[in-house]
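Contents: one structure, followed by commentary.
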Amino acid sequence: MQIQWFPGHMAKARREITEKLKMIDVVIELVDARIPLSSRNPMIDQIVEHKPRLVLLNKSDMADPAATKMWENYFADKGLLTLTVNSKTGQGLEKISTNTKELMKDKIAKMIGKGIKPRAIRALILGIPNVGKSTLINRLAKKKIAKTGDKPGITQQQQWIKVGKELELLDTPGILWPKFEDQTTGYRLAVTGAIKDEILDFGDIALFAVRYLREVYPERLLERYKLEDVTAPPIEVFDEIGRKRGCLLRGGEVDYDKAAEIVLRDIRSEKLGALTFERPSDYLD
Ligand code: G4P
């Protein structure tokens, strides 16, 4: 299966990002800490090429801290510098400036060697829709920057936002579209709300979530839905959740649409706690 969302947009988005890259020194790539690889476009390495890059594991408040540690190690092994952040509260963001400086240290040293006074480092925020780009820009700018909307193609005046003395951000982020070749990636994006629920079957998304939670976080399911056990097949667990929640049709059958809505809403509003939906071990060959 090959699903490419917004197919026409990707080429255009890529062209726009390539234009923006010419103006900047460092890329700040945002990923969703709950699905760090599923929430990045697989073409990111090709697009960014040799620009120094800082990866932000955003929405870390919603992710399982133990899994986030694994992801930090994963990216470190790949030679990528990461920061675990919460753009909503600003937690972790204070380190961005020193980290970008670290990425630029050779270039800065060279400039100083030539007697040139280094100017502020210029950065571009990059990521898929809904990953938190605007929230991050607003936090760093300490004011509300108008949201441009995820519409590539709108040309506008670019402006630089000062973040302290040593960092400047382009005020419009680079938008990449999620893309996936396997269904699991699609479901992970859907569960976290990164793609619209209409793209995949709602009931299937919820069943995927129940299957995953049953394996990785069984105690959370037991507790939230007051289940006796979760050893039954996923569809039966889903059925039981529906019954416990009173999602019944007239004949006493479980109303799966309603049950799916409850499960997904609970996950997205953290009623089951902080959850991570993929681990580095899922990507071992
Ligand atoms: P985008 O520009 O990349 O499209 O994303 P945007 O900043 O609009 O953020 C998408 C949603 O994610 C927003 O929620 C935002 O508040 C939330 N968000 C961003 N960063 C974080 C984070 O680190 N932690 C948490 N918990 N949430 C984050 P929303 O429901 O669309 O809006 P709102 O209810 O916050 O107004």
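The values are calculated or read from the model by the stated rules, or taken from the named source; none is laboratory data. No experiment lies behind these values; they were computed from the predicted model shown. In this analysis, Cβ positions are derived from the backbone assuming ideal geometry, glycine residues included, and neighbour counts consider all displayed protein chains.
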Here's a check for you: in region 85-107, which residue that is among the charged types (D, E, K, R), in contact (Cβ under 8 Å) with a residue 40 or more places away in the chain and closer than 14 Å to P52 by Cβ is farthest from the ligand (Cβ to nearest atom)?
K107
So which residues in region 179-196 are closer than 17 Å to D282 by Cβ and more than 11 Å from the ligand (Cβ to nearest atom)?
F180, E181, D182, Q183, T184, T185, G186, Y187, R188, L189, A190, V191
The one condition S97 fails out of (1) closer than 16 Å to G164 by Cα; (2) surrounded by fewer than 18 Cβ atoms within 10 Å (Cβ to Cβ) is (2)
From the list D229, D239, D197, pick out the single residue that is modelled with pLDDT under 95 and farther than 24 Å from A63 by Cα.
D229
Quick one: which residue in K20, K51 is of a type in the set (D, E, K, R) and not in a helix (DSSP H, G or I)?
K51
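So which of I121, I96, I116 is of a type in the set (A, V, I, L, M, F, W, C) and at pLDDT below 95?
Only one candidate qualifies: I116.
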Using beta carbons and a limit of 6 Å, which pairs, at least six apart or on different chains, have the first residue in region 28-48 and within 12 Å of R14 (Cα to Cα) and the second one within 15 Å of the ligand (Cβ to nearest atom) and part of a helix (DSSP H, G or I)?
I47/I17
Condition set in a helix (DSSP H, G or I) and of a type in the set (K, R), scope region 181-220, selection nearest to G273 (Cα to Cα): answer is R220
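Residue by residue, here is whether (1) over 25 Å from D106 (Cβ atoms); (2) modelled with pLDDT of 95 or more holds:
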position: G8; (1), (2): yes, no
position: P42; (1), (2): yes, no
position: I47; (1), (2): no, no
position: F75; (1), (2): no, yes
position: L81; (1), (2): no, yes
For E223, which of the numbered conditions (1) assigned to a helix (DSSP H, G or I); (2) within 21 Å of the chain's Cα centre (by Cα); (3) exposed (fewer than 15 other Cβ atoms within 10 Å of the Cβ) fails to hold?
(2)
So, in region 41-64, of the ones that are within 15 Å of the ligand (Cβ to nearest atom) and polar (S, T, N, Q), which residue ends up surrounded by the most Cβ atoms within 10 Å (Cβ to Cβ)?
N58
Subset of region 243-285 (residues that are among the polar types (S, T, N, Q) and either surrounded by 15 or more Cβ atoms within 10 Å (Cβ to Cβ) or out of contact with any helix residue (DSSP H, G or I) (no Cβ under 9 Å at 6 or more places or on another chain) (or both)):
S269, T276
Given the conditions (1) modelled with pLDDT of 90 or more; (2) under 21 Å from the mean Cα position of the chain (by Cα); (3) surrounded by fewer than 16 Cβ atoms within 10 Å (Cβ to Cβ), report the number of the one that K162 does not fulfil.
(2)
Is there a residue in region 17-34 that is over 17 Å from T192 (Cβ atoms), crowded, with 17+ Cβ neighbours inside 10 Å and polar (S, T, N, Q)?
no
Flagged in region 23-48 as assigned to a helix (DSSP H, G or I) and among the charged types (D, E, K, R), in numbering order, are D45
Would you point out which residue out of A67, A11 is aliphatic (A, V, I, L, M) and away from the ligand (no atom under 16 Å from the Cβ)?
A11
Hey, can you tell me all the residues within region 188-210 that are under 19 Å from D32 (Cα atoms) and aromatic (F, W, Y)?
F208
